[in-house]
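One structure is given here, and the rest of the page talks about it.
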Amino acid sequence: MRVIGLGGGLHDLAACLVEDGKLVRAIEQERLTRVRHACDHDKLTACFRAGSFRPWQLEQVTTGATPELGYCLNGDPITSVDAASHGARWGAIIWRTKEWPVLWTLRRLHKLKSHHLAHAASGFLVSPFEEALTLVVDSFGTEGPRNRFESTSLWLGRDRTLTPIRVDYSDRVPTDKTPRRWPDASTVCSLGVFYSDVTLSCGFRVLDAGKTMGLAPWGSARFLPELARFVHLADEGEVHIDPRYLLFLRECDRTRATLDDDVRFAHDADLAYAAQKLLEDAVLHLVRFGYERTRMRSLCLAGGVALNAVANARILEETPIERIFVQPAANDAGVAIGAAFHTYFERSKKPREFVMEHANLGRCYTEQEIAAALAGFRGRPELERPPRLCERAATLLAGGKIIAWFQGGSEFGPRALGNRSILADPRRKPTWERVNAIKKREWFRPFAPAVLAEAQSDYFELEANSPYMVLVGRVRKEKQPLLGAVTHVDGTARLQTVERRTNPRFHELISAFATLTGVPVLLNTSFNIQGPIVETPAEAVETFLRSELDALVLGDHLLVHPRFRDGGTRGIPDRLPDSRRPRSDS
């Protein structure tokens, strides 16, 4: 049985393919359209083609009340299933595409009843746990009683089923008194929306919550007492957000507009610090209530808030939870996974066997496609095919070069995990500034260390496995001088553990770097320059050539930047000029 799951709707449109109970392909639309958080329903068929799904033409789909893609198409042998959700945006969409001549008959529609159920399924049904507490926290989900929307929910997962423990619905905002700045949440007041509103007040875009998390350690508790008045942790695990926080943020916006750059940065950091602390405390409150009700020590997390790696780490440190699982696309893109697996098990009645152990779910490009992307360099000295590729790349990294790394299928989710990465030596702190400058990112944002799983405990005070960069751990004090480029200002790092079994070539590269330097860690960030992560070999070459990167590893090939054709090296200063003005366009 084949099931196509669809996720996103207001943003982060995505599709995945589940075949006989295994997740075999997944792709986000932004990788194809090159537009961040893309949600262009008219181009949805591109997700299927890029995902190598079997050709068929979707001529018409009728959805229920959901802009988050609520539909299920059942055609033999492919079933397309709804991702579920909230609000009525459109009732029918028609796709016509000349490339797909086969018309599959639409037999019946199906849609999940709850956006949060789809999120919960995306976490639990692909987790290694036979039973687990599952927590979903996001901005808003399916519309419920009294025209309110899902905001947080707790579920008990057992075998193939998810039973709701409690579902909380967001309070409505009196929009005439507290006008919003982003229309999709104009009547919603939830924990996720609260954090997004603070993100806007820090000068970022509404979906840039990760920047707020990275900014928070630079701040102080100056705004914490005032902002805490609006976040109430009630009995029975309830979290209430007082919408009057919007009035407070409006005053912050007015103050911010009068400040110069240095003072504005401190203002933003202090605001981010307060929001981050309140978010963490609220998540812990929800988890503790769930544990009291279930006594489960295994936890799955889903929803956009589940990507907050700092909050996730505090769960392990400060609650009875012993094991945690967060799949890499915990945001709305991952709803595709939950929708597909929920429908698969509902219809097949087969037992759970699949466990999501890696995120490399994009299409693998052929050697011919890679060769075509590199055709302009054929026969030129910049292009090599080293017999010991990982050793050659490790030598460049150990020598201070910054390289792009393109292997296999792209990762599903917002993190680059060793298939579409920019890599660098983690030991030198100036590397942090250099890579941020290359990527045109805000200067304060940290980078993740990719560490061999077998060496994790030697460098980080985190015992849990973290293959998807969804946990923050403290860098051991004695190791911080060795990891200057990946240790954040508070001594922590959002780490990725790399296992030979799940990504053998990336593991081999880090091992080769460890042989040369004694440090089994690399700085790992996404292969993009102010846009979506690269998807194709051609995009990899184009992005590389217009960047300040030193080399590109594309499959088995190594391309040294043409600026080095004379054998010289680029003169890069040890420290770039220090800019104290955050950017919001990366």
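Conditions (1) at pLDDT 95 or above; (2) closer than 26 Å to GLU442 by Cα; (3) not assigned by TED's automatic domain parsing to the domain that holds LEU301, marked per residue:
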residue	(1), (2), (3)
GLU143	no, no, no
VAL173	no, no, no
VAL193	no, yes, no
ASP197	no, yes, no
ARG222	yes, yes, no
ARG254	no, yes, no
LEU259	no, yes, no
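Looking at VAL335, VAL355, just one residue is over 30 Å from HIS557 (Cβ atoms), of a type outside the set (Asp, Glu) and not in a helix (DSSP H, G or I), and that residue is VAL355. Picking from residues in region 456-468 that are buried (at least 21 other Cβ atoms within 10 Å of the Cβ) and either modelled with pLDDT under 95 or more than 21 Å from ILE533 (Cβ to Cβ) (or both), the one that is farthest from the chain's Cα centre (by Cα) is TYR459. Going residue by residue through region 446-455, is there one that turns out to be in contact (Cβ under 8 Å) with a residue 12 or more places away in the chain, over 19 Å from LEU483 (Cβ atoms) and either surrounded by fewer than 21 Cβ atoms within 10 Å (Cβ to Cβ) or among the aliphatic types (A, V, I, L, M) (or both)? So far as region 446-455 goes, no, none of its residues is in contact (Cβ under 8 Å) with a residue 12 or more places away in the chain, over 19 Å from LEU483 (Cβ atoms) and either surrounded by fewer than 21 Cβ atoms within 10 Å (Cβ to Cβ) or among the aliphatic types (A, V, I, L, M) (or both).
Residues in region 202-243 that are in contact with a Lys or Arg (Cβ under 7 Å, 6 or more places away or on another chain) and closer than 16 Å to ALA266 by Cα: PHE204, LYS211, GLY214, LEU224. The one condition from (1) surrounded by fewer than 23 Cβ atoms within 10 Å (Cβ to Cβ); (2) assigned to a helix (DSSP H, G or I) that THR258 does not meet is (2).
Regarding region 264-283, can at least one residue be identified that is among the charged types (D, E, K, R), out of contact with any helix residue (DSSP H, G or I) (no Cβ under 8 Å at 6 or more places or on another chain) and without any contact (Cβ under 8 Å) to a residue 40 or more places away in the chain? Scanning region 264-283 turns up no residue that is among the charged types (D, E, K, R), out of contact with any helix residue (DSSP H, G or I) (no Cβ under 8 Å at 6 or more places or on another chain) and without any contact (Cβ under 8 Å) to a residue 40 or more places away in the chain.
GLU411 meets all of the listed conditions (1) surrounded by fewer than 24 Cβ atoms within 10 Å (Cβ to Cβ); (2) of a type in the set (Asp, Glu); (3) within 18 Å of the chain's Cα centre (by Cα) but one, namely (1).
Counting the residues of region 549-564 that are touching a strand residue (DSSP E or B) at 6+ places or on another chain (Cβ under 8 Å) and either without any contact (Cβ under 8 Å) to a residue 60 or more places away in the chain or part of a strand (DSSP E or B) (or both) gives 8.
The residues of region 208-220 that are surrounded by 19 or more Cβ atoms within 10 Å (Cβ to Cβ), in a loop (DSSP other than H, G, I, E, B) and either out of contact with any Ser or Thr (no Cβ under 6 Å at 6 or more places or on another chain) or at pLDDT 95 or above (or both) amount to a single one, GLY219.
The values are calculated or read from the model by the stated rules, or taken from the named source; none is laboratory data. The shown structure was predicted, so the numbers you read here are calculated from the model rather than taken from an experiment. Note: ideal-geometry Cβ built from the backbone for every residue, glycine included; neighbour counts use all protein chains shown.
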